[in-house]
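The values are calculated or read from the model by the stated rules, or taken from the named source; none is laboratory data. All values reported here derive from a predicted model rather than from experimental measurement. Note that we place each Cβ from the backbone using ideal geometry, even for glycine, and neighbour counts take in every protein chain shown. In case anyone asks, the SASA skips ligands and DNA or RNA and just uses the protein heavy atoms, side chains included. Shrake-Rupley method; radii C 1.70, N 1.55, O 1.52, S 1.80 Å.
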Amino acid sequence: MKFTLKDYQEEAVADVLANLRKARKRWHEDGDKHAFSLTATTGAGKTVMAAAVIEALFYGSADFDFDADPGAVVIWFSDDPSLNEQSKYRLYEAADKLTASDLKTVDNSFSQERFSPGKVYFLNTQKLSKKSLLVRGHEEGDE
């Protein structure tokens with residue numbers, strides 16, 4: 001991390017990583033899927049906290065006693081493509097280990113069958129509409 005986390009941020013990151021650890025264990029035991037979120041007030045540094053979590057998830061962290069997950073993929077989902085671009089920039093600025101090539105915007109030209117491990121994919125609601133190529137697929141005559 002390029003920033004020093006404040007005490008409450010460090011506690012939140014530790015909580016998220018504990019939830020990830022539990023979810024990973026249950027996934028390997030019985031295939032259970034889990035979801036949780038990181039919520040905080042505006043200005044609390046959610047993106048900086050997310051950067052710390054993502055780095056620990058992808059690369060491991062001795063500070064948080066967290067092992068890297070070589071198959072991990074992060075989907076950053078929002079309503080607004082411009083908010084995704086802003087978040088992408090802030091993640092890049094906060095993280096030591098994430099590179100620009102690790103941060104991928106899912107647009108209409110996205111054609112991978114699967115998301116690649118070790119990447120953060122930025123997706124917005126418009127990309128999941130009925131008319132989106134990601135949902136309906138390519139048809140003859142599409143540009």
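Summary table below
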{"read-out": "Unique residue being without any contact (Cβ under 8 Å) to a residue 24 or more places away in the chain and in a helix (DSSP H, G or I) when the list is 23, 51, 35, 68", "value": "23"}
{"read-out": "Odd one out for residue 40 among (1) open to solvent by less than 50 Å² (accessible area, probe 1.4 Å); (2) in a helix (DSSP H, G or I)", "value": "(2)"}
{"read-out": "Residue match in region 77-84 (condition: open to solvent by less than 60 Å² (accessible area, probe 1.4 Å), assigned to a helix (DSSP H, G or I) and touching a residue at least 60 places away in the same chain (Cβ under 8 Å))", "value": "no"}
{"read-out": "Filter result (surrounded by 11 or more Cβ atoms within 10 Å (Cβ to Cβ) and among the acidic types (Asp, Glu)) within region 1-20", "value": "10, 11, 15"}
{"read-out": "The listed residue being at pLDDT 95 or above, under 14 Å from the mean Cα position of the chain (by Cα) and farther than 20 Å from residue 28 by Cα, out of 103, 123", "value": "103"}
{"read-out": "Condition check for residue 65: of a type outside the set (A, V, I, L, M, F, W, C) and within 22 Å of residue 15 (Cβ to Cβ)", "value": "yes"}
{"read-out": "Criterion: in contact with a His (Cβ under 7 Å, 6 or more places away or on another chain), open to solvent by less than 80 Å² (accessible area, probe 1.4 Å) and among the small types (Gly, Ala, Ser) - qualifying residue of 72, 50, 56, 23", "value": "23"}
{"read-out": "Hits in region 66-123 - residues which are β-branched (Val, Ile, Thr) and under 17 Å from residue 48 (Cα atoms)", "value": "74, 75, 99, 120"}
